[in-house]
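Just below is one structure, and these are the notes that go with it.
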Amino acid sequence: MSGAGTATRTRAVVSHDGVRLTVTEAGHAGDGPTVVLVHGFPDLSYTWRRQIPAIAGAGYHVLAPDGRGYGRSERPADVDVYDVVHLTADLLALLDDAGVDRAVFVGHDWGALVTWALALMAPERVAGAAGIGVPFLPRGTVEPTTMLRQFAGEQWFMLLWVQDPGVAEADMERDVEVTMRRMLTGLRLEAIIGSQGPGEPRNLLDRLADDHVLPSWLTRADLDHYVTEYERTGFTGGLNWFRNFDRNWVLTPQLAGARITVPTMYISGSLDPLLIACPPALMEGWLDDHRGTVMIDGGAHWVHQQLPDAVNDALLWFLSDVMPADPASPDVGAGSPVGAGDPTPVRT
């Protein structure tokens, strides 16, 4: 990641409760609007390596943290400090540290859930919210695991499987390279093994295909980076985010019936299996200023790594629409958000 305005550096930011977060940064606060990139599970700020140069090069100040419990950030032992109050406060701590009042937040997977939550809980700090892979999910009337158990019956669901500490860790840490290879390459519709029914695998890894040969978008060096980090840290920090689903619901009664009022965008690959688990239709009627939904043909769950040009086009269009960079910067509004000559996102 190099070039004018796109060189990155890594530094520490201390959150509200003293937890140290490691942040990859490009550009400088005040030189352009701030964009915060929030990764998901199991991931790292490294996931944004193909977005940071494009966004910074368009005149933006970019912050991409390793979330608490991940990578080079601290990993507190207390499960409760991974709840949505702490996770959203971490994002606000980044803005406070940079002396920035507002930013556009872009989240993938779990990062999208936290981004949507922040847009509800602190809209005055959010200039725009974009979710990749996970749409906005309105608050339910009962605790999430209770609702899922009522719906699931005997079916396997990851959210339920990870609740007991140690179970998911034993599965995912027995061979970290296999875990990361399957997670990064196997989360696509045609690669999911088993169906929801008798005889289905009862753990995560056995539900994912293993192609053994890496796709062109995931180099050996990329995979090695993930493997090295997760062999060092394990997966407990990220899994603790899942273990707070019910606690998040208990802590946020004020969000019952709440709508997102800030500008929003949703991006997904057309082959992301979360389109079945979390269909974007769930967010219809809950977003007051939705600028568009972009469906990227052939993209799977890690669409921003797999098809970065299409994702970057969409993000730069959204950024230019809600928080334009300095007029002297490159024309971030040029081109199509879907990379196909259409000047507006695909709306569904």
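To keep it simple, each residue is scored yes or no on (1) modelled with pLDDT of 95 or more; (2) surrounded by fewer than 17 Cβ atoms within 10 Å (Cβ to Cβ); (3) of a type in the set (D, E, K, R); (4) in contact with a helix residue (DSSP H, G or I) (Cβ under 6 Å, 6 or more places away or on another chain).
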site: VAL167; (1), (2), (3), (4): yes, yes, no, no
site: GLU177; (1), (2), (3), (4): yes, yes, yes, yes
site: LEU184; (1), (2), (3), (4): yes, no, no, no
site: ILE193; (1), (2), (3), (4): no, yes, no, yes
site: PRO198; (1), (2), (3), (4): no, yes, no, no
site: HIS212; (1), (2), (3), (4): no, yes, no, no
Give me the residue from segment 214-239 that is touching a residue at least 24 places away in the same chain (Cβ under 8 Å) and in a loop (DSSP other than H, G, I, E, B) and, out of that set, surrounded by the most Cβ atoms within 10 Å (Cβ to Cβ). PHE235
Taking segment 24-70 and the residues there that are in a loop (DSSP other than H, G, I, E, B) and among the small types (Gly, Ala, Ser), the one that is modelled with the lowest pLDDT would be GLY30
Do any helices (runs of 4 or more DSSP H) lying entirely in segment 240-348 carry at least 1 residues that are at pLDDT below 95 and surrounded by fewer than 17 Cβ atoms within 10 Å (Cβ to Cβ), and which ones are they? 274-277
Inside segment 71-112, the number of residues satisfying the requirement of being farther than 22 Å from TYR226 by Cβ, in a helix (DSSP H, G or I) and in contact (Cβ under 8 Å) with a residue 24 or more places away in the chain is 15
Given the criteria in a strand (DSSP E or B), in contact with an Asp or Glu (Cβ under 7 Å, 6 or more places away or on another chain) and under 26 Å from PHE318 (Cβ atoms), does LEU21 qualify? yes
Say we look at segment 1-23 and pick out the residues that are out of contact with any Pro (no Cβ under 7 Å at 6 or more places or on another chain) and farther than 19 Å from GLY71 by Cβ; which of these is modelled with the lowest pLDDT? SER2
Of the conditions (1) in contact with a strand residue (DSSP E or B) (Cβ under 7 Å, 6 or more places away or on another chain); (2) over 26 Å from GLY237 (Cβ atoms); (3) at pLDDT below 95, GLY128 fails just one. Which one is it? (3)
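The values are calculated or read from the model by the stated rules, or taken from the named source; none is laboratory data. As the structure is a computational prediction, the values presented were derived from the model and not from experiment. Backbone-built Cβ (ideal geometry, glycine too); neighbour counts: all protein chains shown.
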